[in-house]
Amino acid sequence: MKKYILICISTFLISCAEKVDLLVYNAKIYTANETFDEATSFVVKDGIFIDIGAEGVDLNDKYNPRSVVDAHGLTIIPGLIDSHCHFLQYGLESQHLDLRGTKSYEEVLTKVVSYYNENTPEIVYGRYWDQNDWYVNDFPDKKELDSIFPEVPVVLERVDGHAFLVNQKALDMAGIDSNTSLPGGSVLKKNGSLTGILIDSPKNLIINSLPKPNKNEKIKALMVAENKCFEYGLTTVDDAGLSKNDILLIDSLQRANIINMRIYAMVSNNNDDINYFLNRGVIKTEKLNVRSVKVYADGALGSRGAVLKEPYNDDPKNKGKFRTSFTAIDSLASKLSLTNFQMNTHAIGDAANHAVLKIYNKYLKDKSDPRWRIEHSQIISAEDFKLFNSKIIPSIQPTHATSDMYWAGDRVGIKRLKGGYAYKKLLDWSGTIALGTDFPVEKINPFNTFYSAVARKDLSGYPPSGFQSENSLTRYEALMGMTAWAAHANFEENEKGSIEIGKFADFVILDRDIMKVSENDIPSTRVVATIIAGQIVYSNRF
């Protein structure tokens, strides 16, 4: 009789308990909330966190969950946000020849020939070569490509996306000759002859002459990129430059549940596209956020397109070139300051950062919470750090520091380098930072980002004391920069970025505690499961 009564009581309690979708318990949870509280359990209903259990709090009797997950002590963090990447571009380029890791121009040529023989494409596309990694660090010349491919266009993009190496066939197709000159970039010559190297704006002549990917190719690319991001625990990506048509395509795919990645889309700096979105206003759904414009102030340091106040240390006649003129940046800033849209400007060189900071401060002085961003914030003069403040968010990519550290001093010299990749100093002045990878420029792995931010070393542990380690971030700062602070940079802090009641149930289960493991173990971190709105989108265990 007693047993029967107990069963009845238990059944009654269960029936009275609130029905929910998911209960996760026995976990090591870093909530990334304002006080960085830890927890051991949480409850999800309708894609939202509805309860968080601290250690010693048992949520099992309070709820009637449809699914229960015993995390077996594994670490859980909020869904990761990549604050600067090229999501669609990553998917499109996954089908192209990958030249990352090549050690010489000869190796590049060998790979190009092999790729062509295996695929026989009408146009050879390749990317990720970096002459700084070669035994001879000079830019290559197209002569060899012309000899091997006299009738097939070859377009090889540098790792930073700011320079092309093309053959004569590609130049002819684009109408580029020795007289071609465009503001905001360079057509390199040697002894009066074209070398095939195009830096920044002249690349557009090549791009405009090439076949454009069709809708189905873009859909496939987005799905490829999404699957890879989920594998690494990314639940939101900030795509740094998309056309109107691509944004509308993404919106339609998200509404049809074909794409589930949450995307903060920066509108590319095209007048028609900008005016379309300004007239329409901020677009905000659970999956899409359109409220910013991406502008390029300058190019990249590796290809010497970043704009410096003084000439390059290893190219005394060159200071780089503005991709967008000061006047044009100022005009757009004036226009955007009258709206709710953010201005997110790519600035790498110290002159570019100075110009953007001066313009931002000019138009933001009377705005209370604009959150305009400087993408990269890479080389800053000592006197310009004070121009950063809570209204201007540095959007930075820590793996750039550990990729560039081998040669950055050659470009700018030791004195200027001290103001480079200064993430801690930027955080001190702005009060917040947003971290990303810039994939596909860098690898997509966010744990490389975390490691580079805190260790300032490459994956081999070089240099032993860290590259300019005074600008290392703490693990707390790195995680916040990839979660809560990143959400803040997107005006999304009320819905994501931390594990808190009322926010989207976006979270990641890891195979180790990145806040506690040895520094050397961080890059080996693997994602056990990625969850968006309480739904598993990637798992290798559950």
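Data table
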read-out	value
Of all residues in region 38-73 being over 22 Å from residue 527 (Cα atoms) and of a type in the set (D, E, K, R), the one that is farthest from the chain's Cα centre (by Cα)	61
Of all residues in region 333-349 being part of a loop (DSSP other than H, G, I, E, B) and hydrophobic (A, V, I, L, M, F, W, C), the one that is nearest to residue 438 (Cα to Cα)	348
Residue that is surrounded by the most Cβ atoms within 10 Å (Cβ to Cβ) [pool: residues in region 30-47 that are free of Cβ contacts under 8 Å to residues at least 24 places away in the same chain and in a strand (DSSP E or B)]	43
Complete set of residues in region 292-312 that are assigned to a strand (DSSP E or B) and crowded, with 22+ Cβ neighbours inside 10 Å	292, 293, 294, 295, 296
Total residues in region 375-398, condition on the phi > 0 side of the Ramachandran plot and in a strand (DSSP E or B)	1
Number of positions in region 152-194 that are among the charged types (D, E, K, R) and part of a strand (DSSP E or B)	4
Selection count where residues are part of a loop (DSSP other than H, G, I, E, B) and within 30 Å of residue 314 (Cα to Cα), scope region 100-144	15
Residue selected from region 251-266 under the condition crowded, with 23+ Cβ neighbours inside 10 Å and touching a residue at least 60 places away in the same chain (Cβ under 8 Å), by the criterion nearest to residue 201 (Cα to Cα)	266
Candidates 108, 124 - the one that is buried (at least 17 other Cβ atoms within 10 Å of the Cβ), outside the structural domain of residue 433 (by TED's automatic domain parsing), in contact with a Ser or Thr (Cβ under 7 Å, 6 or more places away or on another chain) and not hydroxyl-bearing (Ser, Thr, Tyr)	108
Filter pass, residue 358 being in a loop (DSSP other than H, G, I, E, B) and more than 23 Å from the chain's Cα centre (by Cα)	no
Selection status of residue 496, of a type outside the set (Val, Ile, Thr), over 23 Å from the mean Cα position of the chain (by Cα), closer than 24 Å to residue 427 by Cβ and not in a strand (DSSP E or B)	no
Unique match (being surrounded by fewer than 23 Cβ atoms within 10 Å (Cβ to Cβ), over 24 Å from the mean Cα position of the chain (by Cα), assigned to a helix (DSSP H, G or I) and free of Cβ contacts under 8 Å to residues at least 40 places away in the same chain) among 273, 330	330
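The values are calculated or read from the model by the stated rules, or taken from the named source; none is laboratory data. Keep in mind it's a predicted model, so treat the numbers as computed, not measured. Backbone-built Cβ (ideal geometry, glycine too); neighbour counts: all protein chains shown.
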